[in-house]
1. Any idea which of (1) within 14 Å of another protein chain (Cβ to nearest Cβ); (2) among the hydroxyl-bearing types (Ser, Thr, Tyr); (3) within 30 Å of A:Ser273 (Cβ to Cβ) is the one B:Ser53 doesn't satisfy?
2. Can you report the number of residues in the range B:172-213 which are surrounded by fewer than 16 Cβ atoms within 10 Å (Cβ to Cβ), more than 14 Å from chain A (Cβ to nearest Cβ) and outside any helix (DSSP H, G or I)?
3. List the number of the failed condition for A:Ala135; all other conditions in (1) in contact (Cβ under 8 Å) with a residue 24 or more places away in the chain; (2) out of contact with any Lys or Arg (no Cβ under 9 Å at 6 or more places or on another chain); (3) within 14 Å of another protein chain (Cβ to nearest Cβ) hold.
4. What number of residues within the range A:30-62 satisfy the criterion of being part of a strand (DSSP E or B), touching a residue at least 24 places away in the same chain (Cβ under 8 Å) and either under 19 Å from the mean Cα position of the chain (by Cα) or surrounded by 12 or more Cβ atoms within 10 Å (Cβ to Cβ) (or both)?
5. Within the range B:158-168, which residues are outside any loop (DSSP other than H, G, I, E, B) and under 22 Å from the mean Cα position of the chain (by Cα)?
6. Among the strands (runs of 3 or more DSSP E) confined wholly to the range B:51-157, which include 1 or more residues that are free of Cβ contacts under 8 Å to residues at least 40 places away in the same chain and either surrounded by 17 or more Cβ atoms within 10 Å (Cβ to Cβ) or among the β-branched types (Val, Ile, Thr) (or both)?
7. Working only within the range A:266-298, note down all residues that are within 14 Å of chain B (Cβ to nearest Cβ), in contact (Cβ under 8 Å) with a residue 12 or more places away in the chain and out of contact with any Phe, Trp or Tyr (no Cβ under 9 Å at 6 or more places or on another chain).
8. Checking the conditions here, which among A:Met254, A:Met241 is modelled with pLDDT under 95, buried (at least 17 other Cβ atoms within 10 Å of the Cβ) and within 14 Å of chain B (Cβ to nearest Cβ)?
Amino acid sequence: MNFLNIEDEMKFFQKMYVLRKDIENFLFDEGYMNIEPSIFEGYDDFIGVNSRIDKKSTVKLLDNNSEILILTPDITTGIVNKFMPRWEMGSLLKVFYYGKTYKHNGIGIKENREMGVEIIGERNPNTDENILNTAARIIAKYSSNYLFEIGNSKFLKGIMQSCSFKKEDYENILDILYLKNRQELKEYLSKLPYREPMSTLVNIFDLEGTFEEISEELKGLYMNDLMKQGLEELKKIDNYMKNITDKITYDLSMVSELSYYDGTIFRGYIEGSNKAIIKGGRYDSFTEQYGYKIPAMGFTVELDELIKVLYKEEQR
Amino acid sequence: MSLTIAIPKGRLGSQAIDMLKAAGIGESIDEKSRKLVFDDEQRNLRFMLLKNSDIITYVENGVADIGISGKDMIMENSADIYELYKMNIGKCKISVAGIKGKKIFKDDTIIKVATKFPETAKKYFNSKGQKIKIIKLNGSIELAPILGLSDVIVDIVETGNTLKANGLEVFEDMYPITAMVISNKISYKFKRKEIKEIIELIRKEDEKYGENN
């Protein structure tokens with residue numbers, strides 16, 4: 001039995017090249033500019049903004065001043081860290097990139113090919129819709145069996161903020177949400193002092209499906225201003241996306257490993273693949289650490305996962 | 001759209017199969033046969049009988065859409081799955097046990113822990129600030145302290161009879177365990193309605209069981 005021969009390997013590289021070019025050309029024609037991301041970041045800078053990331057999984061390096069660097073596990077962080085310190089008000093960045101991210105996966109270092117899009121500094125009420133449209137058009141090129149899952153982090157933030165949980169409880173609750181463990185959530189909250197938003201939080205796993213289904217479930221439940229704002233933003237997206245595709249589901253309990261998302265979050269899946277192909281969202285508050293809040297949004301396309309799907313379709 | 005359901009072999013599996021049959025969805029499963037896959041073409045369901053500890057692997061990798069697995073296995077593997085429903089079957093505890101009456105916990109000593117659940121044990125003792133050395137075993141854990149292989153064991157305790165018969169006692173209960181219905185994360189997005197329907201059927205039977213036991 002032959003495992004990997006040069007011919008097959010070359011075929012794979014050509015296929016990856018074509019796929020990459022294909023998406024790059026599409027994004028270039030859509031008016032995005034190309035940038036080349038850096039492959040390493042300062043460890044402290046990175047962990048500082050991404051506290052939920054698994055620290056053990058980062059690949060560390062030392063520079064000659066014994067500062068700890070990591071091979072980037074997330075390119076967006078690098079792009080913001082690169083441009084924000086010298087940001088000029090009124091600038092607009094509309095960029096795409098090809099790059100690799102790195103993680104320890106228990107066996108060794110896993111390289112992951114990514115294609116990404118970022119729009120930073122665009123004050124346009126329709127940026128969310130435009131980005132989602134671009135993402136949907138990319139995924140639709142490669143499969144008709146796709147699904148977009150959209151949420152809004154303001155809704156959950158609205159609950160969590162007005163419950164003012166201790167840090168430990170906050171993290172534990174996020175972990176439970178990540179697992180969609182309904183009974184454990186109820187049990188956990190019952191041990192904490194009661195706050196009104198908890199009455200909505202215990203029902204959060206019912207807040208998924210179509211926008212109409214969610215609205216129905218929300219009737220009579222507690223909502224504060226930030227939660228309402230998140231829901232309004234979602235509604236606006238729903239009104240727009242309805243006309244583009246019906247392959248959409250909403251989930252208000254969506255939690256991301258990257259904690260900088262602030263507003264719309266979304267993931268795109270293709271049936272038969274076991275990972276998200278597209279991941280993205282709005283991250284205005286991320287830029288705030290540099291002194292001013294700039295509207296920012298983006299997404300990544302997981303090329304390694306996408307190419308697996310394409311190979312599978314071919315072999316059918 | 002079809003749904004693949006992973007069920008553990010053994011006692012927990014038998015209980016789960018009884019429950020599925022009572023819920024009207026498991027009649028295609030014949031436990032006595034040596035087959036491992038059973039198709040219910042009418043309802044578009046496929047059942048797979050797997051080793052208890054493999055259920056998570058099948059579900060996490062999307063080979064099975066949903067599965068029934070003990071919380072002990074889920075904790076040990078910290079799997080990226082959804083824990084959709086906590087059942088009333090498979091109830092037990094994961095506990096620290098050792099030789100009856102023997103003092104184990106002293107300051108600043110590394111205690112030797114024999115277990116099938118190294119990750120769970122590490123997590124627990126780490127949260128207590130106790131240094132440990134893990135001795136990974138695959139069975140007859142109770143022998144380890146008796147033969148001097150370890151100071152304590154971390155294991156599933158149901159009635160405590162096995163411990164008692166070997167002169168051991170529970171020092172501390174760590175985590176309560178039950179069976180759970182778990183689901184693959186991506187399957188859940190694409191087949192949410194179907195998965196929720198099945199869970200609803202299981203829940204009804206499981207609650208009946210809970211009331212009677």
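1. Unmet for B:Ser53, out of (1) within 14 Å of another protein chain (Cβ to nearest Cβ); (2) among the hydroxyl-bearing types (Ser, Thr, Tyr); (3) within 30 Å of A:Ser273 (Cβ to Cβ): (1).
2. The number of residues fulfilling the criteria is 3.
3. (3)
4. Residues flagged as part of a strand (DSSP E or B), touching a residue at least 24 places away in the same chain (Cβ under 8 Å) and either under 19 Å from the mean Cα position of the chain (by Cα) or surrounded by 12 or more Cβ atoms within 10 Å (Cβ to Cβ) (or both) within the range A:30-62 amount to 4.
5. Filtering the range B:158-168 down to residues outside any loop (DSSP other than H, G, I, E, B) leaves B:161-165, B:168.
Listed by number, the residues that qualify are B:Asn161, B:Thr162, B:Leu163.
6. Values: elements: B:66-70, B:82-86, B:92-99, B:111-115, B:132-136, B:152-157.
In the range B:51-157, the matching strands (runs of 3 or more DSSP E) lie at B:132-136.
7. We begin by selecting, within the range A:266-298, every residue within 14 Å of chain B (Cβ to nearest Cβ); these are A:266-279.
Remaining after also requiring in contact (Cβ under 8 Å) with a residue 12 or more places away in the chain: A:266-273, A:275-279.
Hits for the range A:266-298 are A:Gly272, A:Ser273.
8. Numbers: A:Met241 fails: within 14 Å of chain B (Cβ to nearest Cβ).
Just one listed residue meets the conditions, A:Met254.
The values are calculated or read from the model by the stated rules, or taken from the named source; none is laboratory data. If you're wondering where the values come from, they're calculated on a predicted model, not measured in any experiment. Positions of Cβ are backbone-derived with ideal geometry, glycine not excepted, and every protein chain shown enters the neighbour counts.
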